[in-house]
Amino acid sequence: MDYDMTLTELQDAIAATLAARPEFAGVQIFTEKIGDIASEIEIAVGKIGICIVILTPSAGVQYPNVPGPLLDPVRIVVAIFEDVIINRSPTGTNKPAADVATDVLRTLQLTTPAGANPIVPDGADALKLIPDSGGLLVYHANFTTILPLTPLT
């Protein structure tokens, strides 16, 4: 198995996995690396009231003296942004952010993108309501995985 997935490839794989699911029909899905993400969120939330953003993953290295490196853990955050008034109006999706966050958790749990290990929920922090989010209701679905890399020669 080829284990040389980059962090941005992991983001793209997660976005594609979510976009393929009927539970997220009508919900715009972005990766944090796309242009001015703040404007994209504002536009998407302003239109239908909700969007999903796969934030840029962060990673640690458990064994720094082992060739690779072995990125462990890789922390993945999928943020769900909801303008409750717009989203729950006749023009919105009527899918509450908490339900979308739960569906993200159910979709990604044990998903194994090519080049990565299985994605697992981040224990007690798997779903978090983010307080004081500028008038939006924001949930984070938190996951971890491991990315073994081949040393560059």
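Some observations on this one:
- For Val45: the one exception among (1) surrounded by fewer than 19 Cβ atoms within 10 Å (Cβ to Cβ); (2) modelled with pLDDT under 95; (3) more than 20 Å from Leu7 (Cβ to Cβ): (1)
- Subset of the stretch 68-102 that is of a type in the set (Gly, Ala, Ser) and more than 23 Å from the chain's Cα centre (by Cα) - its residue that is nearest to Leu152 (Cα to Cα): Gly68
- Condition check for Asn65 on (1) in contact (Cβ under 8 Å) with a residue 12 or more places away in the chain; (2) over 15 Å from the mean Cα position of the chain (by Cα): one failure, at (1).
- Residue match in the stretch 58-81 (condition: hydroxyl-bearing (Ser, Thr, Tyr), exposed (fewer than 15 other Cβ atoms within 10 Å of the Cβ) and within 14 Å of Leu10 (Cα to Cα)): yes
- Ile80 vs. criteria outside any loop (DSSP other than H, G, I, E, B), within 20 Å of Pro148 (Cα to Cα) and among the β-branched types (Val, Ile, Thr): no
- Search result, residues across the stretch 82-94 that are surrounded by 15 or more Cβ atoms within 10 Å (Cβ to Cβ) and of a type in the set (Ser, Thr, Tyr): Thr93
- Apart from one condition, Phe24 fits all of (1) touching a helix residue (DSSP H, G or I) at 6+ places or on another chain (Cβ under 9 Å); (2) surrounded by fewer than 13 Cβ atoms within 10 Å (Cβ to Cβ); the exception is (2).
- All positions within the stretch 1-55 that are in a loop (DSSP other than H, G, I, E, B), more than 11 Å from the chain's Cα centre (by Cα) and in contact (Cβ under 8 Å) with a residue 24 or more places away in the chain: Met1, Asp2, Tyr3, Asp4, Met5, Arg21, Gly26, Val27, Lys33, Gly49
- Looking only at the stretch 112-153, and only at residues there that are touching a Gly at 6+ places or on another chain (Cβ under 8 Å) and more than 16 Å from Pro73 (Cα to Cα), the one that is surrounded by the fewest Cβ atoms within 10 Å (Cβ to Cβ): Pro151
- Residue within the stretch 95-111 that is surrounded by fewer than 18 Cβ atoms within 10 Å (Cβ to Cβ), touching a residue at least 60 places away in the same chain (Cβ under 8 Å) and assigned to a strand (DSSP E or B) present: no
The values are calculated or read from the model by the stated rules, or taken from the named source; none is laboratory data. Computed from a prediction, not measured in an experiment: that's the story for all the values here. Don't worry about glycine lacking a Cβ; one is built from the backbone with ideal geometry, like all the others, and counts go over all protein chains shown.
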